[in-house]
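What follows is a single structure, written as structure tokens, with notes after it.
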Amino acid sequence: MNLARVSGTVVSTRKEQSMEGLKFLILQQVNLEGKDDGGFVVAADSVGAGIGEYVLYASGSSARQTLATDKRPCDAVVMAIVDNWEVNGNLKYKKGVDD
Amino acid sequence: MNLARVSGTVVSTRKEQSMEGLKFLILQQVNLEGKDDGGFVVAADSVGAGIGEYVLYASGSSARQTLATDKRPCDAVVMAIVDNWEVNGNLKYKKGVDD
Amino acid sequence: MNLARVSGTVVSTRKEQSMEGLKFLILQQVNLEGKDDGGFVVAADSVGAGIGEYVLYASGSSARQTLATDKRPCDAVVMAIVDNWEVNGNLKYKKGVDD
Amino acid sequence: MNLARVSGTVVSTRKEQSMEGLKFLILQQVNLEGKDDGGFVVAADSVGAGIGEYVLYASGSSARQTLATDKRPCDAVVMAIVDNWEVNGNLKYKKGVDD
Amino acid sequence: MNLARVSGTVVSTRKEQSMEGLKFLILQQVNLEGKDDGGFVVAADSVGAGIGEYVLYASGSSARQTLATDKRPCDAVVMAIVDNWEVNGNLKYKKGVDD
């Protein structure tokens, strides 16, 4: 999985029928300090993530292993909202403190 | 999924039989400002996207989860035409306004 | 899919049994001007592509969706020989003219 | 598979239901000298790996081929803890000696 | 598939049960001149490849399409030992001559 911050949304009216009802989130990939690293991806949401939240997303066929995305042409899904992470014993991010 | 702009087409007469009838679109990958970022991919079309439109495409096995691409040697599919997107509360693109 | 030019072949006698009879082509990835971009991949052939031809290839599990590659440890397949492509209304390559 | 060092953990309360009970490890990708190469990924754990250990992880659909990750939206899994590796006949890392 | 040279091995005692008996090879990715290009991957072996040999490996779900790797958390497999390759009509490598 990859670590990212939800920064926006994409709206589409004309899309593959099976994608109806899915929300498309813009995810900015972040480094272990929580800063944008320049890359981004558009992912479906399976957990109700909001703008500004740090999340984990899964790519490829694994992105279809949720009720929301099963058998759909979807290659990235937010599957967890991050509470905190630590590296080498140091807390790098804690939800509500660093936001 | 990734954000791209449809910029062209590829024509092929001699191809895997199952690819008959599929349209191959050239997609230029764009950044969140809607500008080309240098990369491109060739994708099948499942939504009737036209030159100049901004789209989302799915890659890998997820590209086969449409009626048009099921069980075909196709690893990228346009599955949504983009109406608009916004980042950090700012509208970055709106169809018909920025085209 | 990705655009490439067939530039060579790889010969292997000792290989996974299921790969017997498959031809391995060296594909040089090209940009939209048809020039080598530095990357290359080795792909199985499902369409009878020859040295110098421009082709499309599919990667990942999609590379197994041909009769020639089904259920084989093959992650790239040439699935179309390109006749021509155009970008923003300009013909960039036409078979027989630019070869 | 890729070689990495376990450097941290990610905690998530709100996640896809099927991810309950999985531990998320932060893996720093390393070069053949065992030094961080700058990249990282978040992986589920199937072998009880601890902070500081060198591991192998598998990505994509292969990450779901463990009891812990089967049918889950998980695209990276630690599937081996490394004892040692050697390159061109030289021992590059041996557990307990270089840690 | 990608072209690589076998340069080493990784040893792991504690691993996913289904990986028992698989040999992990360190593969250095090479360019079309047969020189290391800086990247490497760890792959399972399905053909008995030895140190110094040039090989082809398959990635992703295709890496599980061998008897040795079927249904295992393995995302790269050596599926062919290379005898020779040529580019634009020039022999670039021939086993036993250039080794």
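The values are calculated or read from the model by the stated rules, or taken from the named source; none is laboratory data. What you are looking at is a predicted structure, and each value in this text was computed from that prediction instead of being measured. Because the Cβ atoms are built from the backbone with ideal geometry, glycine has one as well, and the counts that use them run over all protein chains shown. The accessibility values were calculated without ligands, DNA or RNA, using every heavy atom of the protein model including side chains. Shrake-Rupley method; radii C 1.70, N 1.55, O 1.52, S 1.80 Å.
Structure data summary
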quantity: Protein-protein interface of region D:16-43, residues with accessible area decrease of at least 50 Å², isolated chain reference, 1.4 Å probe; calculated: D:16, D:32, D:40, D:42
quantity: Using a Förster distance of 45 Å, the FRET efficiency for residue E:17-residue B:88 (Cβ separation, nearest 0.05); calculated: 0.45
quantity: Shortest-first nm distances, residue C:37 label point to equivalent points in other copies (7 Å, Cα→Cβ); calculated: 1.3, 1.3, 2.1, 2.1
quantity: Teacher prompt: residue B:50 distances to equivalent labels in other copies, 7 Å Cα→Cβ, nm; calculated: 4.0, 4.0, 6.4, 6.4
quantity: Cα gyration tensor shape of chain B, rounded if a/c is under 1.5, else prolate or oblate by comparing a/b with b/c; calculated: prolate
quantity: Loop-located trypsin sites (Lys or Arg not before Pro) in region E:1-93, at most 15 other Cβ atoms within 10 Å (DSSP); calculated: E:14, E:23, E:35, E:71
quantity: Region B:1-46 and region A:1-55: distance between their alpha carbon centers, rounded to Å; calculated: 22 Å
quantity: Global form of the protein assembly as shown, assessed from the alpha-carbon gyration tensor, a/c cut-off 1.5; calculated: oblate
quantity: Calculated label separations, residue E:88, copies of the chain, 7 Å along the beta-carbon direction, nm; calculated: 2.9, 2.9, 4.6, 4.6
quantity: Heavy-atom accessible area ranking, 1.4 Å probe, most first, across E:22, B:56; calculated: E:22, B:56
quantity: Separation between Cα centres of region A:56-93 and region D:70-99, rounded to whole Å; calculated: 23 Å
quantity: Total accessible area lost when C and B pair, probe 1.4 Å, Å² to nearest 100; calculated: 2200 Å²
quantity: For residue A:9, solvent-accessible area (1.4 Å; no DNA, RNA or ligand), Å²; calculated: 30 Å²
quantity: Length-normalised contact order for region A:2-94 - Cα pairs under 8 Å, 6+ apart - percent; calculated: 27 percent
quantity: Region E:13-42 residues near the modelled residue D:95 label - backbone nitrogen below 12 Å, point 7 Å along Cα→Cβ; calculated: E:13-16
quantity: With every protein chain in place, region B:2-94: carbon and sulfur % of accessible area (1.4 Å); calculated: 45 percent
quantity: Accessible surface ranking that places the most exposed of C:81, D:51 first, with a 1.4 angstrom probe; calculated: D:51, C:81
